[in-house]
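Read through the structure below, which is laid out as structure tokens, and then see the notes.
Every number in this text was worked out from the coordinates using simple rules, so none of it is lab data. These numbers come from a predicted model, not from an experiment. Note that we place each Cβ from the backbone using ideal geometry, even for glycine, and neighbour counts take in every protein chain shown.
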Amino acid sequence: MTPSPLRLRLPATSANLGPGFDALGLSMALYLQIDAQVSDSGAFSIEAAGRNAEACSTLKNNLILTTYMDVLANAGKLSPRLSLNIENGIPLGMGCGSSAAALLAGVLLANHFGELNWSRQQILEEACRREGHPDNVAACFLGGMTVSAMEENTVKTATYEDKFNWNLLLALPPASLSTSKARAMLPSHYSREDAVLNIQSTALLVSAFALGRGDLLATAMRDRIHQPYRIQACPLLARLLPLTGTPGFLGVALSGAGPSVLMITDKPLSKLLPTIREAAEDPDVEIIETAIGGGAEFSAAPNA
């Protein structure tokens, strides 16, 4: 029998949150939604709308489809050709977890249409292995603020899902930055002083989310591991980071590997927009207002 259609809803994510390099991820209420079914034509097809629709609709080197086919090839299964209808709300190449969402989508599609019957843990670990680090994938799958650690192919996670009275603001520059380029900017060694500061900050940041302590975020989101080395390629960070701890701005950090900047606030965008625009020195910089989101949703529909 032909597998039933599948609907996926996967959130954007902001990783690191300052000091939590490759360990912390925050789900954001911006979503990649996919309606998938076995293609009637026997060929892959994609219809896409939303952000970066043209890039999402291409079949060549499409991360969702290449992941889907590779997972099934490794499992010794044929890949049913799929028809995908995509509504994308995640900025691409901006440090908002678009590749993690695409990888996870590919694994979920393979599990469903290849009838692999994997557990949630197997799905998570397969996607994390392919991403190479668990922070974005774990937050995308589980939602909230998720702490993750990976040892070989085993992933351990802890998620804080309480509803925080915090807003999330994303400042997006016009040009994207590839994760590989951003990683190449990092040194191979760090001083003990820098390592200790990041350990202290990360412990405090996890505590801030566990306790809902927004007053801790300004100190807890300090970082010396990646942001100082990426700041030249992410000019918005240099301009917006000084807002940390000023009225309305609980914490500011590079979103993932950049170049977008995440601001955790206790006021709505309407109250903070003039301050952000002045600090950014760019009246046209795009600001997205969102919130902490839930995890991945996936549901099969009966065959028509």
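Annotations for the structure displayed:
- Taking the DSSP beta bridges with both ends in the range 6-161, the antiparallel portion is around 80 percent.
- Share, in percent, of DSSP beta bridges within the chain that are antiparallel, nearest 5: 90 percent
- Acute angle (nearest 10 degrees) that the helix 98-113 long axis makes with the longest principal axis of the chain, alpha-carbon atoms: 30 degrees
- Label positions at ASN85 and SER207, each projected 7 Å from the Cα along the C-beta direction, are separated by 5.0 nm.
- Exposure proxy order (Cβ contacts within 10 Å, fewest to most) of LYS60, LYS156: LYS60, LYS156
- Rounded Å value of the spacing that divides the Cα centres of the range 142-211 and the range 239-304: 15 Å
- Gaussian network model of the chain, springs between alpha carbon atoms under 10 Å - residue of ALA100, ALA203, ALA29 with greatest fluctuation: ALA203
- Helix 63-74 and the longest principal axis of the C-alpha atoms of the chain enclose an angle of approximately 60°.
- [x] 19.1, 65; [y] 22.7, 75; [z] 19.4, 62, with the label sought being that of the calculated Rg and Dmax of the Cα atoms in Å: [z]
- Full extension of the segment from GLU151 to SER299, taken as 0.36 nm per residue of separation minus the current Cα-Cα distance, would add 50.3 nm.
- Candidates PRO11, PRO173, PRO247, ranked by Gaussian network fluctuation over the chain, Cα under 10 Å, top entry: PRO247
- Degrees, to the nearest 10: 192-211 long Cα axis against longest axis of the chain: 70 degrees
- Length available on full extension from ASP35 to ASN74: 0.36 nm per residue minus the Cα-Cα distance, which gives 11.6 nm.
- Summing charges over neighbours of THR179, with a neighbour being any other residue whose Cβ is under 13 Å away from its Cβ, gives 0 when K and R count +1 and D and E count -1.
- Between the range 76-130 and the range 11-55, the alpha-carbon center distance in angstrom: 9 Å
- Multiplying the residue separation of ALA184 and THR2 by 0.36 nm and removing their Cα-Cα distance gives an extension gain of 61.1 nm.
- Whichever lysines have a C-alpha closer than 25 Å to that of LYS271, once near sequence neighbours (fewer than 8 apart) are set aside: LYS163
- GLN122-TYR229 pseudo-label distance in nm [points 7 Å out on the Cα-to-Cβ vector]: 3.7 nm
- Cβ-to-Cβ counts within 10 Å put THR159, THR219, THR2 in ascending order as THR2, THR219, THR159, the fewest first.
- Using a Förster distance of 22 Å, the FRET efficiency for ALA238-ARG277 (Cβ separation, nearest 0.05): 0.90
- Less than 5 angstrom separates the built amide H of GLY293 from those of SER27, MET28, ALA29, GLY144, all sequence-distant by 5 or more or on a different chain.
- For the options MET69, MET185, MET145, a Gaussian network treatment of the chain with springs between C-alpha atoms closer than 10 Å singles out MET185 as fluctuating the most.
- Straight Cα distances below 14 angstrom link LYS77 to the aspartates and glutamates GLU115, with same-chain residues fewer than 8 positions distant left out.
- With both labels modelled 7 Å from their Cα along Cα-to-Cβ, the GLU161 to ALA53 distance reads 3.4 nm.
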